[in-house]
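Working notes, structure below.
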Protein chains: 2
Amino acid sequence: MDKIKTIAFDADDTLWMNEPIFTDTRLKFEEILGKYISINENLEKELYSVESRNLKLFGYGIKGFTLSMVESALELTNYAIKGKDIERIILLGKEMLEHPVQVLPDIEEVLDILENHYHLMIITKGDLWDQENKIARSGLMRYFNTVEIVSEKNTATYREVLKRNSINAAEFLMIGNSLKSDVLPVIEMGSQAIHIPFHDTWTHEMIDKSEVNELTYIEMSSVSKLPEYLGV
Amino acid sequence: MDKIKTIAFDADDTLWMNEPIFTDTRLKFEEILGKYISINENLEKELYSVESRNLKLFGYGIKGFTLSMVESALELTNYAIKGKDIERIILLGKEMLEHPVQVLPDIEEVLDILENHYHLMIITKGDLWDQENKIARSGLMRYFNTVEIVSEKNTATYREVLKRNSINAAEFLMIGNSLKSDVLPVIEMGSQAIHIPFHDTWTHEMIDKSEVNELTYIEMSSVSKLPEYLGV
């Protein structure tokens, strides 16, 4: 990989913990609904189906997720849910927005090494306000030359980001936890990608492994192996 | 103004109608609450106070506004509001997100002239997903070389936008309807600004005119006067 000049990192569940906060919130949401209905696996499916149908309108992020929780709660309880419990659900969303940013293990040590050799970027999708706040609170901003917050990660948006920053696709490496958002579209435009799986993946980001079967990308169990792999 | 090379337009209530959609939604919101409480001017004040206290957490945009409407409704009705009416409030938010984009009069004609003489930009604050959708649906994208969606419009963010796009502050002109967001911070960094007031202004964007008393900026009653003013 001696041609690589720019390395871009995904943010949520690559630089810091994210999905476990959603998972934890879903459990608290079920606890609230448990007063009205019996809790089973259909409840999570129902919430995900409301989330999915709202995605085109809301985009990614906690505010849209919170609105989807309220909507699911109304539907699942057949509108019997009490005002105080609606308020509790909104509060769950607010707690997510204020949740401390927990940088993942080895990230700082690896960035310390990489910053001397590469142009470093963050490319993250989601809510502008929320992502900017997390980046600021992570304390990692000093490592990154450029931050790009996009509404969706596909080949078109990656191409735009590279063009805007005058980056040659052959000299670009993307690192992230989502095959769908961080690996597939990047390989498709002729760049390189490293997949670092995270133990908790949102259903929306899951893809059938056969989709990437014939593509060439690296899977790495830990970011700590990155410097050696890159030879720096 | 013969030095100007880049002209940036604000989007909401400069390129297309926005605040009237919020005003209209506030009226529909009051109608829903009218079943529970008597409607008076305090109601609008209460909603604005919830919006303001949530702004730091939610940022600008329709999703945050919708969550604030639900929260106000719970507080104002002392949690008596029924589930069906909470759902109606969420639907109001969804209708806003799907509202057709109404480009303001003379905008297209003016852009038709300007695009031959200047590098044209959009600089807008708000929700990334929502703003991108509105830009796409406006049909105006063909006129603009660059779109910058920022979370807040202050001198720091304008400086960053100019730096990122290699624009000299002395060659930059900003056009918008908000003195607070489109004029003050731009003048402060040594660029030029034209204020085109819109009949409907969100309380949050209002400032005391004395704040801009000693600053030099142009106020224009209609965007149609822009080409003549610029001499193109």
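The values are calculated or read from the model by the stated rules, or taken from the named source; none is laboratory data. Because the structure is predicted, anything quoted here is derived from the model rather than measured. Don't worry about glycine lacking a Cβ; one is built from the backbone with ideal geometry, like all the others, and counts go over all protein chains shown.
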Practice prompt. Working only within segment B:147-183, note down all residues that are more than 13 Å from the chain's Cα centre (by Cα) and among the small types (G, A, S).
Written response: B:A156, B:S166, B:A169, B:A170
Discussion item. All but one of (1) surrounded by 17 or more Cβ atoms within 10 Å (Cβ to Cβ); (2) β-branched (V, I, T); (3) away from every other protein chain (no Cβ under 12 Å); (4) over 22 Å from A:F198 (Cβ atoms) hold for A:I86; state the number of the condition that does not hold.
Written reply: (3)
Worksheet item: Under the condition of being part of a helix (DSSP H, G or I) and of a type in the set (S, T, Y), which residue from segment A:66-101 is farthest from A:N42 (Cα to Cα)?
Response: A:T66
Fill in: Which numbered condition B:T23 fails, given (1) touching an Asp or Glu at 6+ places or on another chain (Cβ under 9 Å); (2) over 29 Å from A:E132 (Cβ atoms); (3) β-branched (V, I, T)
(2)
Worksheet entry | Near pairs, Cβ below 7 angstrom, 6+ apart or cross-chain, from segment B:105-124 (on the phi > 0 side of the Ramachandran plot) to any residue that is buried (at least 17 other Cβ atoms within 10 Å of the Cβ) and not in a strand (DSSP E or B) | B:D106/B:V223
Worksheet item: Of the conditions (1) of a type outside the set (V, I, T); (2) assigned by TED's automatic domain parsing to the domain that holds B:S224; (3) out of contact with any helix residue (DSSP H, G or I) (no Cβ under 8 Å at 6 or more places or on another chain), B:K45 fails just one. Which one is it?
Response: (2)
Item to complete: Taking A:I81 as the residue in question, decide whether it is hydrophobic (A, V, I, L, M, F, W, C), farther than 17 Å from B:T66 by Cβ and modelled with pLDDT under 95.
Response: no
Fill in: Lone unmet requirement of (1) closer than 24 Å to B:M17 by Cβ; (2) modelled with pLDDT of 95 or more; (3) within 12 Å of chain A (Cβ to nearest Cβ) for B:E109
(3)
Discussion item. Taking the criterion of being surrounded by fewer than 16 Cβ atoms within 10 Å (Cβ to Cβ) and closer than 30 Å to B:L226 by Cβ, would at least one residue in segment B:4-20 satisfy it?
Written reply: yes
Practice prompt. Check whether at least one residue in segment A:43-56 is at positive phi and under 17 Å from the mean Cα position of the chain (by Cα), and report yes or no.
Written response: no
